[in-house]
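The values are calculated or read from the model by the stated rules, or taken from the named source; none is laboratory data. Nothing here was measured: the structure is a model prediction, and the numbers come from that model. Note: ideal-geometry Cβ built from the backbone for every residue, glycine included; neighbour counts use all protein chains shown. These area figures cover heavy atoms from the full protein model, side chains too; ligands, DNA and RNA do not enter into them. Shrake-Rupley method; radii C 1.70, N 1.55, O 1.52, S 1.80 Å.
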Amino acid sequence: MASSLAMCRLHMTGRSSFVKSLQKLDNFLHRCVGTDVAAAQTETARTDESDETERHKSLHTLLEERQKQAERSVLISCQSRTSEKKFLKHLSRHGDVQKYFFYESYGLYAVVEFATRESVASLLEGTVIPFVSHESVVPFKSRLLSLRNLSSTDTPNQQSGHKCQPQTTIPINELIQRLSREESINQQLTFLTEAYQITEENSRLRFLVCSLLKDCAAAYFPECDIKPFGSTVNGFGKLGCDLDMFLDLDSISGWNVKMPKSGLSLEFQMKRANSERAVTQSILSVIGECVDQFGPGCVGVQKILNARCPLVRFAHQPSGFQCDLTANNRVAMKSTELLYLYGELDPRVRSLVFSVRCWARAHSITSSIPGAWITNFSLTVMVLFFLQKRNPPIIPTLDQLRDLAGPEDKCVIEGNDCTFVSDFSKIRLQSNTETLEKLLCEFFEFYSTFSFSRMSINIRKGTEQNKPEVAPLHIQNPFETSLNVSKNVNATQLDRFVALCQESSWLLQQNVTNVPSGSINPTPWGLATLLLPSQVAGIKSRKKMRREPASERIKGLLESLKNKNSAKRS
C-alpha cells in the first residue's frame, strides 16, 4: 500500500513486518516496469507449487485468520491527545499487545489486538459500566470501550503521533492529478488499484465490527457466526465501501445429527414456519431488534424483511461503516469466493476491475443508489468475461474450474451447482503477457461493439449465448443460472455505457504519452483523461447518438490530429 494513503499507523512485529516490507518492494517494482514483472513472477511461481500455495491463501483460510484476530481485539474510543506510549502501557497490563492502529470516525478510535483472548477477558474484567440513574437502562458489555482521563502528551505543543487518514478514497480531482504524474498507463492502473483497494487496517476493522455484532447475536444463538462477504473480502472492495455481513447458523453443534434412541436432546423454541424464507425473516427481525436496542454504536436500524434477500441495515458509527446483515445467503458467499479466486490468479484482474469501476463511477454508470444503473457486480462479471475471451485466455471459465474440483469442493445450494476448485496449485494458466494498457483499451473496444441486443454474457461457459429474454443487458448469474444479474438495467443506461466505451477506446488509441512538465497541476493524460467529464451523457438511444454531432472534446482532438497530419505532409 502507498504509505501516504494508509488509514493509520499499524504496528507489526516479527515475520508479518518482513512480509509487508516485501509486499511494498514488490508493488514498487511492479509500478516501475509494468505488467511484464507480474507475468515473470507468475511464471516463476508455477515452478514452485509450495511457494504458490503460500502466496495464494484460500478465502476460507483468510476468513479464519481474520476472525481469530478479531476475537482477540477490542475497539477503543480515545481522547484526541492521548499519549500513545501511556496508552500502550495501560493496555499491556492485561497481556501482550500484538498490533494496534488508530483511525478517525466521529472521534479518535483505536483497534487493539492482543496475543490471546484471555487478555481481552482480563481487560473487560477491569472495565466499569457507567452509572445511570434510570433503572430501565439495560447494559450490554461489549468490546467497544471508552478510554478517558489517561494522561495526555507530555507538552502542550507535542503532537500526539497518531494523526489518521480518512477511511475513504482520495477525491476524484486529486486522483486525476496523481495519475497524470505517472509515466505510463500501466503505472496509472497500478497506482489506482493501490489507492482504491481496502487497506490492511481497514480489513481488520471490518472483521472486528462483524465480531462485535456476533457478540450481540450470540445472546440468542450462542454458536452462530457472522462473516463479511462481497466487496469486503473478494479483493475488489473500494476503501469506504459498505460492509455486507452474513449470519451463519450452520456451525451449531449437532446439526444434522441423527436422533439417538435414548438420552437428552435440546428443546428448540423455534416455532414451525411455512418456509425457510419465513424462518430467515423471523431470525433477522429478532437480531435487528437486538441490534437496535442494545448494539453499541449501531444507529438507524432498518429491518427490510420483504426484499428478495431479507436484511437488516444500519450504520455503525464507531467504524463509519454502512452495514447490511443477511442470513441464509450461501450463494452470495460462493460468489464472493469465486471473485476472490479470480482476483488471486493474475494481478491484472484486480487492476482492470478497479480501473473500470472507477471509470464507471466517474461517469455515473454505477451508483450507490438502487436504480437502473449497472451494478459493480455486473461490471466485474463483464471484466471477467472479457478476460476469458482473450487469446490466449487470461483466466479460466467457471466450468473449467468446476472440472478441476475435488470431492472436498463439491457444493450444491438449493439445487444450484456451486462447485469449483479451491486449490490454487491445480489451476494452470495459459501464457498471456498483454499489458494493462492494452487490456484496458481492448476492454472498451470489445464492449463498444458487443451485440447486446442478441447476446448474453456467461462466465460459466466463457462465450456469448443467445439471450433468453428481452432485457437490454443480460448477464447470467454464475450459479443461479436462470437469473439475470443485470435485469434492472434499462436501454438508456446501456446506451450510455456503449457510447462511453466508444469514446474511451478512441481516446486511448491516440497513443498520448506523459510529457514531464514539473507543474503542480499536470495536464491529464491516459487513464486520467478517461475520468474527466464526458459529453455523451443524456443519450436516449443509439440511433439518436449517431445523429448527434460529435462532442466538442472529440472535435478538438480530431482537429489536432488533422493539424499534425498536415504538418507531416508539408
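Ranked from the most accessible area to the least, with a 1.4 Å probe and all protein chains present, what is the order of THR61, THR419?
Largest accessible area first, the list is THR61, THR419.
Placing +1 at every Lys and Arg Cβ and -1 at every Asp and Glu Cβ, with all other atoms neutral, what dipole size does region 347-514 have around its Cα centre, in debye to the nearest 20?
180
Keeping all protein chains in place and using 1.4 angstrom, which order do SER184, SER504 fall into by accessible surface area, from largest down?
Working: SER184 35, SER504 5 Å².
From most exposed to least exposed: SER184, SER504.
Let me spell out the model: positive unit charges on the Cβ of Lys and Arg, negative unit charges on the Cβ of Asp and Glu, origin at the Cα centre of region 306-434. What dipole size does that give, in debye rounded to 20?
Working: 14 positive and 12 negative charges, 80 e Å.
The calculation lands at about 380 debye.
So how long is each side of region 375-428 along the principal axes, counting just the alpha-carbon atoms, biggest first, in Å?
30, 28, 14
Compute the Rg to Rh ratio over region 444-500 from the alpha carbon atoms, using the Kirkwood formula for Rh, and round to two decimal places.
0.94
What residues qualify as long-range amide H neighbours of LEU145, i.e. H under 5 Å apart, gap of 5 or more or another chain, H built at 1.01 Å from N?
Under 5 Å from the amide H of LEU145: LEU75, ILE76, SER77.
Here are some pairs, LYS68/LYS271; LYS57/LYS141; LYS214/LYS334; LYS438/LYS461; LYS334/LYS467; LYS57/LYS258; which of them have Cα atoms lying more than 28 Å apart in this structure?
LYS68/LYS271; LYS57/LYS141; LYS57/LYS258
Can you tell me what percent of all Cα-Cα pairs in region 347-514 are more than 19 Å apart?
Roughly 59 percent, rounded to a whole number.
Once the whole set of protein chains is in place, how much accessible area is left on LYS57, using a 1.4 Å probe, in Å² to the nearest 10?
In the full protein context, LYS57 sits at about 80 Å².
Given the protein chains as shown and a 1.4 Å probe, how many square angstrom of SER77 are accessible, to the nearest 10?
Near enough 20 Å² of accessible area.
Heavy-atom accessible area of GLU344 with all protein chains present, probe 1.4 Å, nearest 10 Å²?
Taking all protein chains as shown, GLU344 has close to 40 Å².
What full-extension length gain, to one decimal in nm, is calculated for ASN391 and LEU404 as 0.36 nm per residue of separation minus the Cα-Cα distance?
2.6 nm
Would you please give the FRET efficiency between SER482 and PHE294, computed as 1/(1 + (r/R0)^6) with r the Cβ-Cβ distance and R0 = 35 Å, to the nearest 0.05?
0.30
Using a 1.4 angstrom probe on the protein heavy atoms only, line up MET333, MET245, MET259 by accessible area, largest first.
From most exposed to least exposed: MET259, MET333, MET245.
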